[in-house]
Structure formats: C-alpha cells, structure tokens
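See structure below.
Please treat every number below as a calculation from the coordinates, not as lab data. Keep in mind that what you see is a predicted model, and the values were worked out from it rather than measured. Here the Cβ is made from the backbone with ideal geometry for all residues, glycine too, and neighbour counts use every protein chain on show.
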Amino acid sequence: MAIKTEPFVINIGPQHPSTHGVFRMRLTLDGEVIIDVEPILGYLHRGIEKLAEGRTYTQNIPFTDRLDYLASMSNNLAYVLAVEKLAGTPVPERAEYLRVIMAELQRIASHLVGVGAFLNDCGAFMTPFLYMFREREKILDLFEMVCGQRLTYNYMRVGGISQDVPEEFLPALKKFVLQMPGFIDEYDQLLAENEILLARAKGVGILPRELAINTSASGPVLRASGVKWDIRKADPYSIYDRFEFDIPTGNFGDCYDRYRVRIQEMRQSVRILKQAMEQLPQGEVRSDVPHLIRPPVGEAYGHIEAPKGELGFYLVSDNSIAPYRFHIRAPTLINLTALRDMMIGWKVADAIIIFGSIDICLAEVDR
Amino acid sequence: MTVALSGEEIASQIEEHFPGSIAESSQQSLVVDKEFLLVAATYLKTTPGLDFDYLTSITAVDYYDYFEVIYQLTSLQHNHSLVVKTRYYGRDNPTLPSVVGLWQGADFQEREIYDLMGVSFEGHPNLKRIFLWEGFKGHPLRKDYL
C-alpha cells in the first residue's frame, strides 16, 4: 500500500554554521530528497554601489576590501585596474610585480579557507581547517608586513601600490614559497584519498559543462566542470602573460573536482610566486597620480581572475571626482545561480556539501 | 588575449538581418533597440563565428532621460567579447525583455537590477527583490532616490 506523502519545507540559515555567513535557503523536501531550493539573499546588503557614487575614486578602495574579505588584495587589484583603464594611468614595473605577488598569495589564502571550510562541512571537523589556517597565518603575517593589516589591506592604489615592501618581506616570502609545496602535499596526504571524503563528495552536486557556461559560473566552479577558462590566461591583465603556469580543470564538475581544482591552483600560484620573486625589478612603486582623479567621460570594465571567480568592476565617469556608476560583478553571487540545479535530487545532507563546494563569501554576494 | 569585437561591425551585421534594430554603435559597443533585444541576442548567441555562449555581466545605469542596461558578452570558444546595450526612455515603469531564456546566468543579475534600479524584465521566471525586502519603497540606485 502506498503511503500518502507531501513535500516538506525546511529553512537553513541565515544564522547557521555551515552557511558561511548569513545565507538562507528554503529547501523543499520529498522525504530526504531535495525537490526545490530557493536562495534568499540580502542579509548583509550594505549598498556599497550606492555609497561608492558619493566618494572619490581613491576613497572607494577601502570599500573593495569589504567585499570578499577573504581576498581583499584581489578586490583592490580589480578595482584599481578598472580605474586605471578609465583614466589611462601608467603603472611602474615593480608595482605590477608586487601586485601579482600579493594577488597570488591572496589566492592561496582564500583557497585555504575555502578548502578548509569545505572539509569542515564534509565532517572532518576542524582538524584540516586548522592545518590550513596554520599556513594562512603565515600569509597574513606577510600582508601585515607590507601594509600593517591582516584582513582589510587597502594596499593597492591607482597607479601602483601604497608603499614598497619592507626589507624583511622578500626573505620571508622566499621561505614561504619553499615551504608551501610541502604543506600542500600534507593536505593531500590528509584527505585527498580519504574513503569518507570520496564517498561524500565524488559524483555529488554535478554541474555539467554546458550548464556551468550557461549560468555564467566562473573561477574554480567553472573549471571543475571541465572548461579551461582562466582570465589570467584568456585575457591577461597586469603582467600575467610573463609567467608560466597551468590551468587545472576537473572532469565531472562534482564537489570533489571543485575541491581538487582549488588544491592544484595553490600549486600553480606557488609557481607564479617563484617566477615573480626572481624577476622582481627595482624602481618606483607608484606613478604620479593626483589625489583627486578626474577620468574623462566614459566607461570601463576591469576584470580579474579572483580566487572565487571573475571579479569585475564596471565604472562610468562623468569627469567628476566620484564615479557616476560603480557596479561590481560579484563572482560568488553569480556562481550561486546554478545552486538550485546542483542540489535538486540530492539528499538534504548533501546540500551542505554542495553549498560548501562553491566557496562563497556573503559580504561579496550581498554587497 | 580576449579580442573586443568592433561594435560597428557587429552592428552592421545585425542591422542586415533585422533592419531598424540598431540605435547607435561605436568601436566599443552597440545599442540595440529594446524591441529587437531578444532577436539580436539570439543571433549573437547562435551565429557560428560569433557564438556568444557566456554572459559575463549585466548592469544598468540611470541617465535621467533613459535607463541603459549593459550586457557584457563573451565567447569562451573564440575568446572574444562584445558590449551590447539597450535603453528605455522615460522613468515610469521601465520594462525590457529578459534574457534568462538564453543565458541562465542573467537570473540573479536581472533581479538585482529590478531591485536596485527598478527596471522590470518581461519573461523573467521569478522577478522579485533580491537584496532588499518585499515592501521596500523605491529603488536606491536611481539617481533621484537620494
């Protein structure tokens, strides 16, 4: 005899440890199986785009720190690139190299948190997370050396960076670059072939290649689905065309592939860091830029491959000291578009893992 | 390097297929009449050689006389890009066709524009506020809001 059942709605978040911030989703379940997902956003909306229209181009740099606060350096870089495109500002060679060094260190730091939190969601409670925080701490120490801050750096400027690195920075960076591959091996030994992780992440939350492209996914989420697309290679900004590195991709687009792509990207970042360190020239770190920048009337879209995906700034100038329009193409908001398709058909326990594998930062989603 | 295709060249191609569809074009971008937005977008997505399979971003700007919506298109296959714009003149209930049917990635971004700029998208499957709450008055990114 068939038992009569009806769909059941549960609410996860906004205050929930595995939503990585204040994200809320309404899951409609049939027994344990997810049949519908509705993400509900906006709990951290601060109106940054509107605020930025009332501030000068330079004053807006600290706002970008507060988007994806796990990758402030990358946000700084994307914004100053857009302003430089708009105003046609030159950047000294040494500053370009230091920008790349900071952006790649930031990518490693962001992936460490992303992977650590993902493993946490998988049930490897806190141990791998703290292993990864050990190395992230070293990166934060490096950042503290160059700008005195550990989270919101405000380091890049239009036309360069705020100040040159102190003399103890390069030896410390060298030590980090030598040690890091060994630590990545250690993470691999810890969990990469772990039976439970494989069972929970392999084949789960598949995002097919076509759907990934159609939903405008970017970053590790897109690459795990087998699309070899990295803006550092596809549309090299700054000086990325001078470095040798590979683009890791996945085969199936499942949670495990997204995890693997992040681990491999860390290795590639170390490769870039090595080359950048060797080639680092001497010289100025900031070109002569007036305090109040008045870009000519026009618009510019500057984009970079941020740790979580394509981060872009669309700026419109009316030749005043503040942007007329300041739009942020937030990678993690757009990566969430595919969330519903990835979750439907999976069990409620998988929802947490699928969500964790996207690696989002709510401060950037909601802005 | 992603090649930014010339707005003028693509505009003349579209104009050839759909006379009267192009309002303006320059080297950097082209402006499509809103009545022709969907056919032009379909043409850009499906024509071999163009293949704009990836919608990088959508955003809107309030220019007082009109609202401009900007579509940044990319072809991952050919590694080229194009900026397509469309305009709505007037300030009362601006409405444009939705491109969610072509690129699902437009879903949240069109909701964001609706929420903050107050431009509606016809044919969007779930057009409601995304960041602000239901019942919020006004659209903050409009220039006359504050």
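Structure data summary
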| quantity | calculated |
| --- | --- |
| For B:Asp33, residues with placed amide H under 5 Å, excluding near neighbours | B:Ile22, B:Ala23 |
| Mean Cβ count within 10 Å, highest first, over the residues of peptides A:343-356, B:19-32 | A:343-356, B:19-32 |
| Within-10-Å neighbourhood charge of A:Glu53 [Cβ basis; K, R +1; D, E -1] | +3 |
| Amide H partners (placed H, <5 Å) of B:Tyr63, local residues excluded | B:Glu68 |
| Average beta-carbon neighbours from other chains, 10 Å sphere, peptide A:42-50 | 4 |
| For the protein assembly as shown, diffusion coefficient by Stokes-Einstein and Kirkwood Rh (Cα), 25 °C, 0.890 mPa s, µm²/s | 104 |
| Listed residues B:Ile14, B:Gly49, B:Pro97: farthest to the positive end of the dipole of chain B (Cβ charges) | B:Pro97 |
| Integer Hz, Karplus 6.51/-1.76/1.60 couplings in order for region B:127-132, x for Gly and Pro | 7, 8, 4, 10, 9, 8 |
| Estimated FRET transfer efficiency when R0 is 35 angstrom, pair A:Arg209-A:Arg242 (beta carbons, to 0.05) | 0.70 |
| Dipole in debye (nearest 20) - region A:13-120, about Cα centre, beta carbon charges: Lys, Arg +1; Asp, Glu -1 | 380 |
| Alpha carbon centroid spacing (whole Å) that separates region A:47-87 from region A:276-330 | 8 |
| Set A:Lys308/B:Lys34; A:Lys175/A:Lys308; B:Lys85/B:Lys128; A:Lys175/A:Lys202 screened for pairs whose C-alpha atoms are more than 31 Å apart | A:Lys308/B:Lys34; A:Lys175/A:Lys202 |
